[in-house]
Amino acid sequence: MDQPTTPTPSTPDASAAQAQSRGLTEDEAGGASAPELAPPWAVCIGEGVRRALRARPYERQRGDPVYRPLRIYTLDAGASRGDAPVARVNVPYEPLAPGPKGQLFEVEETFRTADGLRPQVVDLDAPRVLLESGRTPSPSDPQFHQQMVYAVCTLTYAAFRKALGRDLAWGFDGTPDADGLVRLRLLPHAFEGRNAYYDPEAGTLNFGYFRNAGDARGRNVPGGVTFTCLAHDIVAHEVTHALLDGLRAHFTLPTNPDVLAFHEALADLVAIFQRFGYPEVVRAAIRRARGRPEKSEVLTGLARQLARATGHHAETLRSTVSAERDLPRYREASPAPHARGELLIGAVFEAFLTVFQRKSARLLRLATGGTGILPEGDLPADLVEALADKACALAGQFLTICIRAVDYCPPVDIEFGEFLRAVITADYDLVPDDPWGYREAWIDAFQRRGIYPHGVASLSEDALLWRAPRPGTPPVADLSFGRLAFGASPTQVAGREELEAQATALATYLTGPGRLQALGLAEPGTDASGNVIDPPCIESVRPSRRVGPDGQMIFDLVAEVTQYRTLRGPNGTPMRFYGGATFILGPSGAIRYVVSKDPTSARRLQRQHAFVESDTGQRAWVVRDGRPQSTAHLFRLLHARDTVG
């Protein structure tokens, strides 16, 4: 994933070759002088731009159903009936071939029985299956396994699509079908092993199955078989990796300890907040925990069946809450991705609980005559219902907040503090008035863990907002909505020619005099140390439509640009040091926000060198063709270290 796509030169103005050299501080450039330009140079257009047309959800036709009801496990195959483990969900409708195979996902069956036969693939359009809302949930029915992965992946994709206001592209290349579509292939029985992983090279989600440990607990039979494809958390987690890879393909480059940890944390957060989308599960958990979600392992733990089946010492594989005495701190956090990711997960879930307590306080006062102290015994059914409704709605909002913030993240080298700034900026953009203190809760939770964004003077909201480019930076006139061609809606690009025209317009804009300097990028050329700075590359230009709580809408374009400098790595081998910028452009083409990572930054380079030389970094990087590169099958190796997920 770290190899650049074959560049397609734009047609820049010739005057761009005479642009002034960029002025750099010693911290930004490590003391190097500004690069000498070698005119003319051209911005490249990466393959990611064209991928936007290779993943298109089905467009509902007149007379089509809105949804396809299907049954799934809300938790896993080993959950108790008291936890409401089965739900009938409304999956966005599309015609399906057996598999099932739709426009985004294709389930492939690879499992072979003892006699060498493969199970039949499920046909969800068969009349009897339609009448019964799909196959009956069962760990012994391979066709239900196929239904399970398709349904959860489709629901997770729908959550991302709703949050971002557009169709999502995949981050991998594949062989398009006759309609030009590339699907993510889902393999519910890919291999025997305690693992599940996303493979960006093959474009697959691979789910393992394994024999339970001799000390397996719960409803797991020692020596029996557990299927990772039946754990809702794991399926949602893995497809989130694929969706995030499509949004930020360079987040698979482990340039600092936070990068892979962010991948893991976001995938876990999506899985957790998706679970809150099943009211029956939340009501049962709220009832047992007496109105306190943080006391329910059903709501706060991940992959409970897997932990029990493998003899794990804890009831869940990972948890979203930590005891106050064990509250981790950012500076002391382990560089291991899952352990470090729990730091971010804990901060986000703490913010969720803080807002939930604020919103539920009135209900508790009404139910207790103003004391707020619940009596002994079962909670009244109406109170349980009201608290569960609050928790479900709030979790949906937090899921949207987490996903939406990805558009406001830098294109490379993500740090936890930058995710906080992305969340604050995206939320402030849409909801300037924050009466319940959502953003305050986020800031406080990050501060309690010592997560401070680099380069900010305080943790006030206004200090955390991303900034616009320097005054006088002109708009990208050719990217104003008045000049763009759309498909069925302002969130759909008209076609390949329009996509390439938009990318070319941005590429041409960047070649203007002084533009790169104003936008946090570097002038191409060779610096005083002999390091070559390549021209920027347009990775994506995507529309966005976001809807606020009062129905207000914001339409934007989100552009992702990368740039790298080639230098000597820790062992003397050539190494690409990536930078870049994310641009948020308004309907007039004005650049509202710039989120940049300077490709000449000495601070980031020092941090990357330290990480690459660490034990964790050594497992994430290999030397290939004479240069350090991200490990092949990164997610398989990453997940194998913590059993699964």
Can you give the relative contact order of the chain as a percent, counting alpha carbon pairs under 8 Å and 6+ residues apart? 17
Calculate one ³J(HN,Hα) per residue across the range 95-101 by plugging θ = phi - 60° into the Karplus curve 6.51 cos²θ - 1.76 cosθ + 1.60, and present them in order as whole Hz with x for glycine and proline. x, 10, 7, x, x, x, 10
Simple SL model, points at 7 angstrom along Cα→Cβ for residue 129 and residue 573; separation in nm is 4.7
Compare the Cα positions of 291, 148, 435 along the charge dipole of the chain (+1 at Cβ of Lys, Arg; -1 at Cβ of Asp, Glu; about the Cα centre) and return the one farthest towards the positive end. 291
The answer for residue 476, listing residues at least 5 apart or on another chain whose modeled amide H is closer than 5 Å to its amide H, is 590, 591
Structure-derived semi-axes √(5λ) of the Cα gyration tensor in Å: which label, when the choices are [x] 103, 21, 19; [y] 89, 47, 18; [z] 40, 28, 26: [z]
Residue 478/residue 376 FRET efficiency (R0 60 Å; Cβ-Cβ; nearest 0.05): 0.30
Taking N as the number of residues in the range 426-515, what is its alpha-carbon radius of gyration divided by 2.2 N^0.38 Å? 1.54
Where does each of 57-67, 344-354 land if you order them by average Cβ count within 10 Å, highest first? 344-354, 57-67
Within the range 62-91, backbone nitrogen closer than 18 Å to the virtual label 7 Å beyond the Cα of residue 280 toward Cβ: 68-91
Residues residue 162 and residue 433, FRET efficiency given R0 of 25 Å [Cβ-Cβ distance, rounded to 0.05]: 0.65
Among 275-285, 554-564, what's the highest-first ranking by average C-beta atoms within 10 angstrom per residue? 554-564, 275-285
Length gained, residue 62-residue 532, 0.36 nm per residue minus C-alpha separation, equals 163.7 nm
In whole angstrom, the spacing between the Cα centers of the range 516-553 and the range 98-166 equals 38
Give me the 1.4 Å probe accessible area per residue for the chain, excluding ligands and nucleic acids, in Å². 40
May I ask for the Kirkwood hydrodynamic radius of the range 138-293, worked out over all distinct Cα pairs and given in angstroms to one decimal? 17.2
Students often forget the sequence filter, so: which aspartates and glutamates lie under 14 Å Cα-Cα from residue 162 once same-chain residues fewer than 8 apart are removed? 407
Label-point separation (nm) for residue 467 and residue 603, each offset 7 Å from Cα along Cα-to-Cβ? 1.2
What percentages make up the Cα-Cα pair-distance distribution of the range 48-169 when the bins are 10 Å wide from 0? 12, 40, 33, 14, 2
Projected label distance in nm at residue 357 and residue 181, using a 7 Å step from Cα toward the beta-carbon: 4.7
Which order, highest average first, do 149-161, 528-540, 412-424 follow once you tally other Cβ atoms within 10 Å for each residue and take the mean per peptide? 412-424, 149-161, 528-540
Rounded to a whole number, what % of the accessible area of the chain do carbon and sulfur atoms account for, probe 1.4 Å? 49
Please flag any cysteine in the chain that has no other cysteine's Cβ under 4.7 angstrom from its own Cβ. 153, 229, 392, 402, 409
Rounded to the nearest 10, the angle in degrees between the Cα long axis of helix 257-275 and the longest principal axis of the Cα atoms of the chain comes to 40
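The values are calculated or read from the model by the stated rules, or taken from the named source; none is laboratory data. Just so we're clear, the structure is a prediction, and the values are computed from it rather than from any experiment. As a convention, Cβ positions derive from the backbone with ideal geometry for all residues, glycine included, and neighbour counts pool all protein chains shown. Areas reflect the complete protein model, heavy atoms only, side chains present, ligands, DNA and RNA absent. Shrake-Rupley method; radii C 1.70, N 1.55, O 1.52, S 1.80 Å.
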